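In what follows, a single structure is set out as structure tokens and then discussed.
Every number here is computed from the coordinates shown, using simple stated rules; none is lab data. Nothing here was measured: the structure is a model prediction, and the numbers come from that model. Please note: Cβ atoms are built from the backbone with ideal geometry, for glycine as well, and neighbour counts cover all protein chains shown.
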Amino acid sequence: MPSTCNQRVRKALIIFSFVLLPVTFAYISCPIIIKGASEGIVTGGLIVFILLFMSSLFLGRLWCGWLCPGGGLQEIYFQINNKQVKVGRKNWFKYLMFLAIIFVPLISAIRSAGGFTAIDLFYNTDHGISIAKQGAFSILFVQIAFFTLFAMLAGKRGFCHYFCPIAVIMIVGRKIRKLVHWPALHLSADKSRCTDCKKCSENCPMGLYVNIMVQQESMENTECILCGCCINVCPKQVIRYAFDEI
């Protein structure tokens, strides 16, 4: 089935993204972005964050489901801890982390530097390769340790649920798009074909009650990473991707 092929491609992409993390982690590392800002430098990582926010205005959290290296590592850990993490009040913890790790430190760093004065796309890297920089292994291992800790203790995509500040950036973009109502990628469902078998919910890596979303004809959820797993497992092909106003 085409949907099965899509999932194989998705998993290959997201795991390959994790394999490349030693090269790319400087571009998604909050401490490196803050350090650059404190010196008045727009780093490659800050530009990546801006691009991710802009992409979320049209593609939602597609990055999280298809290309995030942290997501790739967490999906590898599905083989060890396959527990679903349900959406609840604890999911708001990542918003506090966003304020504490990115927003407040970034604003403080920019103010202390008197604003941005330079752009360095390869800041804190050696010719663009993160792992080649002195001390890079320590930063890399700390990031991997965080992914591992949440995956082992919380379950599927635990880091995404409870800690990831990048997720907040993309959720904000998605909420803005929802207010403006321009066309964007999203899930769509034909309620009349649904048998409520609940396979979509059982296989959602983000622990969403997808079958209820189908029954309520409301497929929009800020925790949805548009991975398409629900599309793959649905025996009646109820769910599909769409790109229009919602």
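Which value, in debye to the nearest 20, gives the size of the charge dipole of the chain about its Cα centre, when Lys and Arg are +1 and Asp and Glu are -1 at the Cβ? Magnitude of the dipole: close to 600 debye.
Hey, if you put +1 on the Cβ of every Lys and Arg and -1 on every Asp and Glu Cβ in the chain, which of I169, M54, H127 ends up farthest toward the positive end of that dipole? Working it through, the farthest residue towards the positive pole turns out to be I169.
How fast does the chain diffuse by Stokes-Einstein, in µm²/s, taking the Kirkwood radius from C-alpha pairs at 10 °C and 1.306 mPa s?
84 µm²/s
Of Y123, Y95, how do they rank once you tally other Cβ atoms within 10 Å and put the fewest first?
Numbers: Y123 21, Y95 15.
Least crowded to most crowded, the residues run Y95, Y123.
Considering only S38, I101, C194, the residue lying farthest towards the positive end of the dipole of the chain is C194, judged by Cα position with unit charges set on Cβ.
Too long at a 26 Å Cα-Cα cut-off: which of K86/K178; K90/K198; K35/K175; K35/K156; K156/K199?
Values: K86/K178 23 Å; K90/K198 24 Å; K35/K175 29 Å; K35/K156 31 Å; K156/K199 16 Å.
Too far apart for the 26 Å limit: K35/K175; K35/K156.
When the Cα gyration tensor is reduced to axis lengths a ≥ b ≥ c, the ratio a/c is 1.5 or higher for segment 172-246, and with a/b above b/c it is classed as prolate. Placing +1 on the Cβ of every Lys and Arg and -1 on the Cβ of every Asp and Glu, with nothing else charged, gives segment 183-244 a dipole about its Cα centre of roughly 260 debye.
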